[in-house]
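Novice: This is the structure I want to talk about, given as structure tokens.
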Amino acid sequence: MNLAKTKKIIQQYLTALLLLVFFVSEAFSKYFIYFDGGKSDIPRMIKTAVFVFLGVALLKNTKIILYTVVLFVSFSIGQFFLNNGFQTEILVSFSKYLFPVFLFAYFSKYSVSRAGVQFLFKTFEHILVFNGILIFLGLLFEIYFFKSYVGARFGYNGIFINTSTSSYIYAIAIFYFLLKYKDQFLKNWKSLLIIICSLLTGTKILYLFILGALIMYVYSFLKISKQQRNVLFTFIGIIAVSLLYFFFFHWGKFNDIRTEKGIVSSILSFRDELLINNTIPFITNNWQWPNYLFGGISDLATRSQLGFIDIFLFWGILGGLLYLFVYCKAFIPKSMVKNGYIIVIVLGVMVFLAGNFFENASVAIYLLILKEILTERPPYCNNIQLNEQNQNP
């Protein structure tokens, strides 16, 4: 086998390999968190190696180099006007923000073949099924390692490292299966498995995604009359409002938080307190006027864990808008499937209510899958769907 052919094969399966490696390495890290009281260095070393590889591979991409330089200048200005800027953890955080941009740009430049994309999808689905089995085992036998939370709060996420990562992954999975199976979404066992697993994770944000997916399913894919559609919308709305009222005003932890701290704290899981007690005082006491344009943070503990607010804390108004522009330009496909922008908007709402999205390298890997399924490929997508239907009569 010659070198060119070997490189072609590696490139074809690189996304699936990265997905698998990140999944396994973060499972090790979760083990160390739950049983050794600290994270493993393995995921960090793997992500660093991948980041360096992506950076070297993109050296000839003048647009990405230009964006990187501009972002670094913006970041540096913000750090310069802080009394204790350029802390090591903040420099590491800067590289984490760049990771998804590099990843998306790399696979846009070196596009994966149709066979490679199909293999990536299969790998993703196998990971989800495997993790789903672990979630059910954790629920049935109360296995601590498979829990979403270290404390007493209910939730099982298998071997995904934390609640934020598992929330984003299952949100991506819900819309992946919705776009793949369309009107067959609620008739496919994998889709139903993912919905059940999403409910069992115990994270509120996923309930929003399930609701959004059901609305899109009824509105865009379900072949029924307008009158039947309106009846279903009404039914879904009543069920959603009833469940929200029950969980936030009558039963469980969220009701307890609402009673003690208020409805906003209950919905945001105390992120509003982080914003008021940590983020705003840091800005008030440490920022000068250039920081409002270019951001600046010296301690990650001052983050609010609200995605878009933390973007502007780190990058400022101008820097934040620039970063979001670069990120969206790298992520959003040039040719988007129908309803693709709706999915991106719903994902944006999720990011607004949760944290650790843009700087999470593992989430970026799964976003590659969403990007591929959002890319307009009618013949290819239809072929995958038909093949799977034929295999599962």
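Novice: If you check 101, 112, which single one turns out to be part of a helix (DSSP H, G or I) and surrounded by 16 or more Cβ atoms within 10 Å (Cβ to Cβ)? Steps first, answer last, please.
Specialist: Details: 112 fails: part of a helix (DSSP H, G or I).
Only one candidate passes the filter, namely 101.
Novice: If I ask for residues that are of a type in the set (D, E, K, R) and within 27 Å of residue 267 (Cβ to Cβ), which ones from segment 181-206 would you list? Let's see the steps before the verdict.
Specialist: Residues of segment 181-206 that are of a type in the set (D, E, K, R), as a first pass: 182-183, 187, 190, 204.
The one that is of a type in the set (D, E, K, R) and within 27 Å of residue 267 (Cβ to Cβ): 204.
Novice: On to the next question. Select from segment 82-106 the residues that are of a type in the set (Ser, Thr, Tyr) and closer than 20 Å to residue 357 by Cα and list them in ascending order. It would help to see each step written out before you state the result.
Specialist: The initial filter retains those residues of segment 82-106 that are of a type in the set (Ser, Thr, Tyr), namely 88, 93, 95, 97, 106.
The answer is 93, 95, 97, 106.
Novice: Read through the list (1) farther than 24 Å from residue 316 by Cα; (2) over 19 Å from the mean Cα position of the chain (by Cα); (3) modelled with pLDDT under 95, then give the number of the only condition that residue 107 fails.
Specialist: (2)
Novice: Inspect segment 204-219 for any residue being part of a helix (DSSP H, G or I), out of contact with any Pro (no Cβ under 8 Å at 6 or more places or on another chain) and exposed (fewer than 14 other Cβ atoms within 10 Å of the Cβ) and give the result as yes or no.
Specialist: Start the filter on segment 204-219 by keeping residues that are part of a helix (DSSP H, G or I), which leaves 204-219.
If we keep only those that are out of contact with any Pro (no Cβ under 8 Å at 6 or more places or on another chain) as well, we get 204-219.
Narrowing the set further to residues that are exposed (fewer than 14 other Cβ atoms within 10 Å of the Cβ) leaves 219.
Scanning segment 204-219 turns up at least one residue that is part of a helix (DSSP H, G or I), out of contact with any Pro (no Cβ under 8 Å at 6 or more places or on another chain) and exposed (fewer than 14 other Cβ atoms within 10 Å of the Cβ).
Novice: Still on this structure, I have one more. Do you know which residues across segment 146-164 are assigned to a loop (DSSP other than H, G, I, E, B), of a type in the set (S, T, N, Q) and surrounded by fewer than 21 Cβ atoms within 10 Å (Cβ to Cβ)? Steps first, please.
Specialist: First pass over segment 146-164, keeping only residues assigned to a loop (DSSP other than H, G, I, E, B): 148-155, 157-162.
Subsequent filtering for residues that are of a type in the set (S, T, N, Q) retains 148, 157, 162.
Within segment 146-164, just 162 meets the criteria.
Novice: Assess whether residue 178 counts as being open to solvent by 20 Å² or more (accessible area, probe 1.4 Å), of a type in the set (A, V, I, L, M), at pLDDT 90 or above and over 23 Å from residue 150 (Cα atoms). Before you say what the answer is, go through the steps one by one.
Specialist: Numbers: open to solvent by 20 Å² or more (accessible area, probe 1.4 Å): no; of a type in the set (A, V, I, L, M): yes; at pLDDT 90 or above: yes; over 23 Å from residue 150 (Cα atoms): yes.
The answer is no for residue 178.
Novice: Having 3 or more residues that are surrounded by 19 or more Cβ atoms within 10 Å (Cβ to Cβ) and touching a Phe, Trp or Tyr at 6+ places or on another chain (Cβ under 7 Å) is the bar; report the helices (runs of 4 or more DSSP H) wholly within segment 253-349 that clear it. It would help to see each step written out before you state the result.
Specialist: Numbers: elements: 263-268, 271-274, 280-286, 289-294, 307-331.
Passing ranges, in order: 307-331.
Novice: Would you confirm, using the coordinates I've provided, whether residue 191 is surrounded by fewer than 13 Cβ atoms within 10 Å (Cβ to Cβ) and of a type in the set (Ser, Thr, Tyr)?
Specialist: Working: surrounded by fewer than 13 Cβ atoms within 10 Å (Cβ to Cβ): no; of a type in the set (Ser, Thr, Tyr): yes.
No; evaluated as a whole, the condition is false for this residue.
Novice: Filter segment 69-88 down to the residues that are within 26 Å of the chain's Cα centre (by Cα) and either crowded, with 19+ Cβ neighbours inside 10 Å or modelled with pLDDT under 95 (or both) and list them by number.
Specialist: Matches in segment 69-88: 71, 74, 75, 88.
Novice: As an exercise: evaluate residue 357 against (1) under 12 Å from the mean Cα position of the chain (by Cα); (2) of a type outside the set (Gly, Ala, Ser); (3) in a helix (DSSP H, G or I) and give the number of the one condition it does not meet.
Specialist: Result: residue 357 fails condition (3) only.
Novice: For segment 350-359, which residues satisfy the criterion of being open to solvent by 10 Å² or more (accessible area, probe 1.4 Å) and either in contact with a Cys (Cβ under 8 Å, 6 or more places away or on another chain) or not hydrophobic (A, V, I, L, M, F, W, C) (or both)?
Specialist: Listed by number, the residues that qualify are 356, 359.
Novice: So, in segment 1-60, exactly how many residues are of a type in the set (Val, Ile, Thr) and under 20 Å from the mean Cα position of the chain (by Cα)? Quick ask: steps written out before the conclusion?
Specialist: Narrowing segment 1-60 to residues of a type in the set (Val, Ile, Thr): 6, 9-10, 15, 21, 24, 33, 42, 46, 48, 50, 52, 56.
Then keep just the ones that are under 20 Å from the mean Cα position of the chain (by Cα); that gives 15, 21, 24, 46, 48, 50.
Residues meeting the conditions: 6.
Novice: Considering only residues of segment 187-212 that are at pLDDT below 90 and of a type in the set (A, V, I, L, M), which is farthest from the chain's Cα centre (by Cα)?
Specialist: Start the filter on segment 187-212 by keeping residues that are at pLDDT below 90, which leaves 202-212.
Those left that are additionally of a type in the set (A, V, I, L, M): 205-206, 208, 210-211.
On the way: 205: 12, 206: 11, 208: 14, 210: 15, 211: 17 Å.
The selected residue is 211.
Novice: Can I ask one more? Got a number for residues in segment 36-65 being open to solvent by 70 Å² or more (accessible area, probe 1.4 Å) and part of a loop (DSSP other than H, G, I, E, B)?
Specialist: Qualifying residue count, segment 36-65: 6.
Novice: When you scan segment 85-93, do you find a residue that is among the small types (Gly, Ala, Ser), outside any helix (DSSP H, G or I) and more than 21 Å from residue 361 (Cα to Cα), even just one?
Specialist: yes
Novice: If I filter segment 374-386 for residues that are over 27 Å from residue 159 (Cα atoms), of a type in the set (S, T, N, Q) and modelled with pLDDT of 85 or more, do I get at least one hit? Break it down stepwise before answering.
Specialist: Residues of segment 374-386 over 27 Å from residue 159 (Cα atoms): 375-386.
So of that shortlist, the ones also of a type in the set (S, T, N, Q) come out as 375, 382-383, 385.
Next, only the ones that are modelled with pLDDT of 85 or more stay: 375.
Yes - at least one qualifying residue is present in segment 374-386.
Novice: Any chance you could count how many residues in segment 220-252 are of a type in the set (A, V, I, L, M, F, W, C), open to solvent by 50 Å² or more (accessible area, probe 1.4 Å) and in a helix (DSSP H, G or I)?
Specialist: Of the residues in segment 220-252, 12 are of a type in the set (A, V, I, L, M, F, W, C), open to solvent by 50 Å² or more (accessible area, probe 1.4 Å) and in a helix (DSSP H, G or I).
The values are calculated or read from the model by the stated rules, or taken from the named source; none is laboratory data. Remember, it's a predicted structure, so these values are computed and weren't measured experimentally. When we count neighbours, we look across all protein chains shown, and the Cβ atoms used for this are built from the backbone with ideal geometry, even at glycine. Accessible surface areas use protein heavy atoms only, side chains included; no ligands, DNA or RNA. Shrake-Rupley method; radii C 1.70, N 1.55, O 1.52, S 1.80 Å.
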